[in-house]
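Heads up: the structure comes next, in structure tokens.
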Amino acid sequence: MDRDVVEQKLESLRRCVHRIQSRCPADADVLARDADLQDIVSLNLTRAVQLCVDIGAHLISGLDVPAPGTMGETFDTLAAAGILDAPLAQRLRKAVGFRNIAVHNYEAINWHVVHAIATDHLADFTDFARAVVRRLE
């Protein structure tokens, strides 16, 4: 595991979370009508999820465990290794589902759901970062 790479990715994650916090409107209907805000929020949410997966992969590379088969399994592996608690791992696994919808456009994005993620679940990213920092210490 390259500690410098993990720390750089943690800083990128912090910037994504800050960007979401600073630009996500208080009202979900505003987000549903504003394409520029949609771009800012969805891009930074998808980047935050991807950064968590990338950081998780770096941590897993230093463990004596099989590599996860999917992005979501990254968080299950981290939970099994005691790095994340199971509820946080499950929430981050769900975030991968959002990321896949947003990136691959599997279905139309429900901006009210995106708003709920941006306003109610950003702590998942900071909780993940704290767990990683604890692991680095």
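The values are calculated or read from the model by the stated rules, or taken from the named source; none is laboratory data. Not measured: the values here are computed from a predicted model. Note that we place each Cβ from the backbone using ideal geometry, even for glycine, and neighbour counts take in every protein chain shown. Remember, those area values only see protein heavy atoms, side chains included, never the ligands or the DNA or RNA. Shrake-Rupley method; radii C 1.70, N 1.55, O 1.52, S 1.80 Å.
Points worth noting:
- Distance between modelled label sites at Leu136 and Asp120, nm, 7 Å Cα→Cβ extension: 3.1
- Chain lengthening between Ser61 and Ala80 when straightened (0.36 nm per residue, less Cα-Cα): 5.4 nm
- Heavy-atom accessible area, probed at 1.4 angstrom with all protein chains present, ranks Thr119, Thr46 as Thr119, Thr46, highest first.
- Just the protein heavy atoms count here, and of the accessible area of the chain at 1.4 Å, carbon and sulfur take up 49 percent.
- With respect to the chain, whose longest principal axis is taken over its alpha-carbon atoms, helix 111-120 is tilted by about 50°.
- Accessible area of the chain divided out per residue, in Å², using a probe of 1.4 angstrom: 54
- Relative to the longest principal axis of the Cα atoms of the chain, the long axis of helix 122-136 lies at roughly 20 degrees.
- Taking Leu51, Leu37, Leu84 as the candidate residues, the one with maximal mean-square fluctuation in a Gaussian network model of the chain, Cα springs under 10 Å, is Leu37.
- Between the Cα long axis of helix 35-61 and the first principal axis of the chain there is an angle of about 10°, rounded to the nearest 10.
- Summing charges over neighbours of Gln50, with a neighbour being any other residue whose Cβ is under 13 Å away from its Cβ, gives +2 when K and R count +1 and D and E count -1.
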